[in-house]
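Below is one structure, written out as structure tokens; comments come after it.
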Amino acid sequence: MNKAVTDRIVTAVAAQEWAQVESLKGAVRRRELFLDVSQRRALLEHAAGAVRQLIAATICTGCRPGELTSARRSAFDARTKSLSVTGKTGSRTIPHTESAVTLFTGLAKDKLPSAYLLTRDDGKPWGHSDWDEDVKAAAARAKLPASTCPYTLRHSFITQALLDGVSTLEVSKIVGTSLTMIEKHYGHLVQETVRERLARVQLA
């Protein structure tokens, strides 16, 4: 909205009125669908071509799909094992695991710095939600819930990272979400993990 005012697409008065609109009750809620490792692998196995690459990249990074499809070849640095992306919360640099480095090294091969890392099967840039039908089809073939989408993979990445002991602060930085939002929607997982760790500590 601020950009729209700056570009004089809307008036400052309209922006102020919009800012006073309250969100719908329950509109912001926790995502419940979590795909475990075997399910994520099944989804990959039943996807092909460009959408398989997008699914793999989302599984490895927890990025929003638009952040990945807008990333250029120059955003990937094999030397530092990282990928820089820009999204609704600004720019950030994501550390890569070895499997992610292998994936993105393959995606970057023979591409100019300004080229997109991920493109559609026809070589054109991904448009918003171009992947929806292909992901749904892959999920159906893998016998996964019909609601499976790239954001399911993002949610699964966050959940898995927290369950495996990555701190909420580290996860928030990796996925580009505020610490407050991570704690609000995933705090219960952290509590469960802490209880499991305390159970292994000899306190008395």
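Every read-out reported here was derived from the displayed coordinates using simple, explicitly stated rules and does not represent laboratory data. Just so it is clear, the structure is predicted and the values come from calculations on it, not from any experiment. All Cβ positions, glycine included, derive from the backbone under ideal geometry; neighbour counts span all protein chains shown.
For Ile94, the residues whose modelled amide H falls within less than 5 Å of its own, excluding neighbours fewer than 5 places apart on the same chain, are Leu83, Ser84, Val85. Just want to confirm a number: the relative contact order over the stretch 32-199, from Cα pairs under 8 angstrom separated by 6+ residues, in percent. Once divided by the residue count of the stretch 32-199, the mean separation gives 29 percent. When peptides 109-119, 138-148 are sorted by average Cβ neighbour count within 10 Å, with the highest value leading, the order is 138-148, 109-119. Other residues within the sphere of radius under 11 Å centred on the Cβ of Pro145, judged by their own Cβ, net out at +1 (K and R +1, D and E -1). Charged neighbours of Pro113, selected by a Cβ distance under 9 Å, balance to +3 (K, R count +1; D, E count -1).
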